[in-house]
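The next block holds one structure in the form of structure tokens; read it before the comments.
The values are calculated or read from the model by the stated rules, or taken from the named source; none is laboratory data. All figures in this text were calculated on a predicted structure; none of them were measured in a lab. Note that each Cβ is placed from the backbone with ideal geometry, even for glycine, and that neighbours are counted across all protein chains shown. Each accessible area value is taken on the protein alone, full model and side chains, heavy atoms only, with ligands, DNA and RNA left out. Shrake-Rupley method; radii C 1.70, N 1.55, O 1.52, S 1.80 Å.
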Amino acid sequence: MINIKLSVDSVKSFVSEDQIHNFQDKISLAHQALLKKTAAGNEFLGWVNLPSSIEESLLDDILLHAKTISQKAEIYVVIGIGGSYLGARAVIEALQHHFSLMISGTFPQIIYAGQNISEDYLADLMQVLDKKDYAVSVISKSGTTTEPALAFRLIKNHLENKYGKAEASKRIIAITDEKRGALKTLADNEGYKTYVIPDNVGGRYSVLTPVGLLPIAVAGYDIKKLVAGAKEMESFLKSNTSIDTNQAMLYAAVRNALSFQGKSTEILVNYEPRLHYLSEWWKQLYGESEGKVGKGIFPASVSNTTDLHSMGQYIQEGARNIFETVLSIENSHQTLNIPEDEENLDGLNYLCSKSITEVNQGAEEATRQAHVDGGVPNLRISIPKIDEENMGQLLYFFEFACGLSGYTLGVNPFDQPGVEAYKNNMFAILGKPGF
Ligand code: PA5
């Protein structure tokens, strides 16, 4: 069953039904290109069939190793950057306790490294690792990315000093290319357990490979339900071929129709702080997939209601080149009663008959109305609750829609030539041989 629903009612005063349906033909071609692998980037379409083709034995192996890690580690360090960490972080932070680092549970606490080059960040991390039992996954498809390689060199050294070389190598899992790259060579030489990132799955589409699944399993979440959710969405989006029935096609059509009207920035909005990293994952997915050859909708994000008090003014009245896609969560996991107060000095007694979720939803609806009135089209993705199955559906929905939208926009959504530019300059500045 498909649990997540896209509503585009609040874009209809900006783009007509006809303007949206004008994209049907292009999006149908994009749909065929994704399924038949007939367009640019077709060598990176392994993610399209991933949920239905992932082997049960791989999931079981990941669960087994996740269990071993949880038995020996209080902390699990996930080393990676971009597509090699954002998917895992998006899912883990969506599912975990907001204050997980302050409470001890059955599973290791997950911390992240290799996604920046901050000396203070790494030094602080070493101080924490001095005092804790820990294990590590180092994740890099190319196996040569500087940020994770540098973090891994430091952490490997720390692990070996702490546990000795033999035990250290049992606490490291490398996730990388099957054959190529410095990390593959290192892992083979040191005898690390490795998982393969399939050749035909690009970094930002890799959350349903071991790249995302191992960290998510170590954190204690049900990767089989996550994959099952993605599989439901895969089957639904592959078999529906019209904008009227296929929500990913509709999302892609509306984005392109709005972009055609000059709406060049899309803001992904959430009202749940636990979705912050889902937005970070989404920004990479859409930014790297669509932003090329002078084209692309700029992906931005806000976390409300927090950001209504910082970005709200701009969204309400700034340049009118934006539209919003709201992740609307229907149910919370827990309930809190708002207590009656006899004196009512804060004037909040009028809220006492409502749940906090109803107050949050009131804020969301009020904001939708204000923004639409102010010239900001509003798409809404409603999700009954945040759990593994729904996260799986949502991840696959966004990936599939991104492929459709990128092809419709006229770009190859599966390469990222622009990411190399800064690297070449950095290597030259830092004196890497050959640059
Ligand atoms: O989506 C992508 O391909 C990139 O964002 C990569 O994930 C990122 O640059 C990290 O690359 P690698 O996994 O090779 O270290």
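Quick notes on this structure:
- Condition check for ILE338: surrounded by 14 or more Cβ atoms within 10 Å (Cβ to Cβ), among the aliphatic types (A, V, I, L, M) and touching a helix residue (DSSP H, G or I) at 6+ places or on another chain (Cβ under 6 Å): yes
- Residue list for segment 228-284, filter: over 17 Å from the mean Cα position of the chain (by Cα), open to solvent by 10 Å² or more (accessible area, probe 1.4 Å) and of a type in the set (Val, Ile, Thr): THR241, THR245, THR265
- Residue in segment 92-112 that is outside any helix (DSSP H, G or I) and within 13 Å of the ligand (Cβ to nearest atom) present: no
- Flag for THR144 being of a type in the set (Ser, Thr, Tyr) and open to solvent by 70 Å² or more (accessible area, probe 1.4 Å): yes
- Cross-chain or 6+ apart pairs with Cβ under 7 Å, segment 408-435 first and more than 16 Å from the ligand (Cβ to nearest atom), then small (Gly, Ala, Ser) and part of a helix (DSSP H, G or I): THR408/ALA30; THR408/ALA252; PHE435/ALA428
- Number of residues in segment 417-435 that are assigned to a helix (DSSP H, G or I) and surrounded by 11 or more Cβ atoms within 10 Å (Cβ to Cβ) equals 8.
- Meets criteria (of a type in the set (Gly, Ala, Ser) and buried (at least 22 other Cβ atoms within 10 Å of the Cβ)) for ALA174: yes
- Qualifying residue in segment 355-369 (condition: without any contact (Cβ under 8 Å) to a residue 24 or more places away in the chain, acidic (Asp, Glu) and touching a helix residue (DSSP H, G or I) at 6+ places or on another chain (Cβ under 9 Å)): yes
- Of residues in segment 72-120 being within 21 Å of LEU275 (Cα to Cα) and free of Cβ contacts under 8 Å to residues at least 24 places away in the same chain, the one most open to solvent (accessible area, probe 1.4 Å): MET102
- Pair list, Cβ under 9 Å, 6 or more apart: segment 176-192 residue closer than 19 Å to LEU150 by Cβ and of a type in the set (Lys, Arg), other residue assigned to a loop (DSSP other than H, G, I, E, B) and within 11 Å of the ligand (Cβ to nearest atom): LYS184/GLY143; LYS184/ASP177
- Counted residues, segment 189-218 - those being open to solvent by 40 Å² or more (accessible area, probe 1.4 Å) and hydroxyl-bearing (Ser, Thr, Tyr): 1
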